[in-house]
1. Just one of (1) of a type outside the set (Phe, Trp, Tyr); (2) surrounded by fewer than 24 Cβ atoms within 10 Å (Cβ to Cβ); (3) modelled with pLDDT of 95 or more trips up residue A:296, so point out which.
2. Within segment B:184-199, is even one residue under 29 Å from residue B:271 (Cα atoms), within 14 Å of chain A (Cβ to nearest Cβ) and more than 20 Å from the chain's Cα centre (by Cα)?
3. Could you pull out the residue among B:71, B:7, B:45 that is under 28 Å from the mean Cα position of the chain (by Cα) and away from DNA strand C (no atom under 13 Å from the Cβ)?
4. Just a yes or no: is a residue in segment B:157-165 more than 22 Å from residue B:92 (Cα to Cα), among the aliphatic types (A, V, I, L, M) and not in a helix (DSSP H, G or I)?
5. Of the residues in segment B:10-36, how many are within 14 Å of chain A (Cβ to nearest Cβ) and more than 10 Å from DNA strand C (Cβ to nearest atom)?
6. Residues B:333, B:269: which one is out of contact with any Phe, Trp or Tyr (no Cβ under 8 Å at 6 or more places or on another chain), part of a loop (DSSP other than H, G, I, E, B) and of a type outside the set (S, T, N, Q)?
7. Give the residues of segment B:26-36 that are outside any helix (DSSP H, G or I) and open to solvent by 80 Å² or more (accessible area, probe 1.4 Å), sorted by residue number.
8. Surrounded by fewer than 23 Cβ atoms within 10 Å (Cβ to Cβ), touching a Pro at 6+ places or on another chain (Cβ under 6 Å) and in a helix (DSSP H, G or I), is that true of residue A:287?
2 protein chains.
Amino acid sequence: MNLSPAARAVFVELLVHGPLSRAEVARRLELSPSVLTKLTRPLLAEGFLVEEPGPAGVPGRPSVPLRVEPARRAYAGVKLTDSELFAVRTDLGGAVTAEVRLPLEGHEVGRVVGRIAEAVALLPGDEPPAAVGVSLAGPVSRADALVRHSPFLGWREVPLAGLVTAATGLPAVLENDVRALTAAVHWFGAAAGRGTFALVTIGEGLGCGIVVDDRLLVGTAGVSGQIGHLAIDDRGPICERGHRGCARAYLASPSIRRTARAALDRPSLTFEQALDLARRGDPVARRIFDEAGLALGRIVATIANLIGPEVVVLSGEAVHMHEVCEAAFEAALGEHTHWTSEPVEVRVQPFAFTEWARGAAVVALRHDLGVA
Amino acid sequence: MNLSPAARAVFVELLVHGPLSRAEVARRLELSPSVLTKLTRPLLAEGFLVEEPGPAGVPGRPSVPLRVEPARRAYAGVKLTDSELFAVRTDLGGAVTAEVRLPLEGHEVGRVVGRIAEAVALLPGDEPPAAVGVSLAGPVSRADALVRHSPFLGWREVPLAGLVTAATGLPAVLENDVRALTAAVHWFGAAAGRGTFALVTIGEGLGCGIVVDDRLLVGTAGVSGQIGHLAIDDRGPICERGHRGCARAYLASPSIRRTARAALDRPSLTFEQALDLARRGDPVARRIFDEAGLALGRIVATIANLIGPEVVVLSGEAVHMHEVCEAAFEAALGEHTHWTSEPVEVRVQPFAFTEWARGAAVVALRHDLGVA
DNA sequence: GAAGTTTGTTCACCTCATGAATCTTTCTCC
DNA sequence: GGAGAAAGATTCATGAGGTGAACAAACTTC
């Protein structure tokens, strides 16, 4: 989109913080009002911004709120798993306008890239997306556009973004899945407008993305938010790495399924079935989910004590278990929050199966706007 | 000092990253070489910078490294405890050039402020310091220059910085003690030049300061780095807040003293005596410090997993215990570091009793330079 | 309808970084 | 030892991008 730094700041402010008058944006960004006239004019002319009817009944010249026109531009986001691929098309406001789901046949790089291109082409829409974002689990070097290591695809040092650009003819960006989701939550999700927050995802694994002063925490060698093996209790269940009572062993859905199967002696029980049993008051299932809630509360409290976020957002494929284990969660959060502070605000972001891909699309959007 | 943003960036780069040529500074700050000529000229003329003999033996015009002249300006730093006050004078390079220690007679605000002014006046030096920094434990609102709450002084909402300015006639800044020390470690200590690191202090209490991308993490309501009550083991010793096996109970020097007195049945044993027993191989004392090392390793691993710092610096009055519990510390750090990462680099910053006050002086220095 | 208030615009101006050109001072190669 | 290469430092015209004052616009309040 090629925006000047000031124009970018104005556009992002309007995108994330909703319709705002020029005067209000000037105050927030500590700019003089005159510069807003200048910066918004071309954006209005090109249709990226539109004027809205303003509030009435206040003294002074009525303000004219400016709003980003979401339909003005589209983005594609693709999330890779070991067996399939989710693709979505979103507008400028991060809203999903189309979705596609394709199985992956094998993990050979060329085949997967072909599938990605296919999925992007299948997404209905008037114009081609302005950029494509791709996300997957595991360490990713965004700067080098390189998949460092993907355990479930068996990849090492794959320059995926370049290959996707070659296959689609579109600018492509690569990002770790949790970080991509964090970006979406930051701008358009439960943490919209918050400067400092943490996202905790619960599902096949545990993930954590941290945003400090509106900047995503990357960490040395691209590693941060590793909460999977946080020690909860030296006597708890054993995780795949042999740790007793670590966070994964209590919380990850495969661990919960495993524990429930063993405890209930039902070898084919699914996670959802176990959750249902707990909902209906089965004491064994209840206990398992209560302990999961305790672990989650402890994790959130640890993050909150250390970082001091404004809010902690919960998401992930298994986040709906929160309603079942809420009491235990709140108790553990309160108990482990530092005594001088109030427990951190917690928000549950309902999870749709397109969420991961939407995160990737938001990364594409941010890239297109030139946001680091 | 009233520097333009660019001049400030140049000066700080030279202050923190040692002597550098103009060309090198231009490259690091992504500025054109010409602007460096312009920006450094007044700083050289006023004696804040001096030219140094450069390296020989390389092709091209020899570079002229620029160095900050530390003696050009002085700062005062004051640390308050419940019973006494430590004051230091430092130069621009954060080096301590004088120190004073005064007992506090009572905790009445006016008396304490008078003592601070007295101590600052007592510090020998040619010119008065350019600014005074004051640090103390507990929540401090730096923006409002307000001590929110000081448990050991019995203060609430005391506008200390304003009072110190009134009493000394010097600009005064207020900061939490751990954060002040973090600032000193960041610019002139074991993390000098690192962009992302964590400081963990061990002493009467546990503290943690976090710097991300060269910016101090403040946290909502000014609260972050609360590691004191991190849960280590549900069966461990009990801390003053009634938590079993929390970090304080394992690591804070009063807890260690208490545990050692009870276990060895020596009611008047000091922390240093217990440490000495451990050094000499006493099995009871060894065990106590080994467990402290395990707790510390676990804390550092947790911070490293979450933040991904380049280095974790250990400091505080009791940091010398690290040498005694190093093996246990390293073992716990390795065990609790996420399996995909190498253990974080750990540096021990030797602690002098002037360190806290030096931190306060560095806060004054940063304030004087206009660094947030 | 006059006064007051706030928004939005225009315009002259000013700060500050850039980029090209140039000068300086060394090393390397022949 | 001289020519040329190399890198640092400087000068200067230029331009981007912001500010501040002045003013117009559009509404409320009295």
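The values are calculated or read from the model by the stated rules, or taken from the named source; none is laboratory data. Keep in mind the model is a prediction, meaning the values are calculated, not measured. Backbone-built Cβ (ideal geometry, glycine too); neighbour counts: all protein chains shown. SASA here: full protein model, heavy atoms, side chains in, ligands and nucleic acids out. Shrake-Rupley method; radii C 1.70, N 1.55, O 1.52, S 1.80 Å.
1. (2)
2. No, segment B:184-199 has no match at all.
3. B:71
4. Taking every residue of segment B:157-165 in turn, at least one turns out to be more than 22 Å from residue B:92 (Cα to Cα), among the aliphatic types (A, V, I, L, M) and not in a helix (DSSP H, G or I).
5. Residues in segment B:10-36 being within 14 Å of chain A (Cβ to nearest Cβ) and more than 10 Å from DNA strand C (Cβ to nearest atom): 0 in total.
6. Numbers: B:333 fails: part of a loop (DSSP other than H, G, I, E, B).
Of the residues listed, the single one that is out of contact with any Phe, Trp or Tyr (no Cβ under 8 Å at 6 or more places or on another chain), part of a loop (DSSP other than H, G, I, E, B) and of a type outside the set (S, T, N, Q) is B:269.
7. Within segment B:26-36, B:30 is the sole residue that qualifies.
8. Details: surrounded by fewer than 23 Cβ atoms within 10 Å (Cβ to Cβ): yes; touching a Pro at 6+ places or on another chain (Cβ under 6 Å): no; in a helix (DSSP H, G or I): yes.
Spelling it out, it is not the case that residue A:287 is surrounded by fewer than 23 Cβ atoms within 10 Å (Cβ to Cβ), touching a Pro at 6+ places or on another chain (Cβ under 6 Å) and in a helix (DSSP H, G or I).
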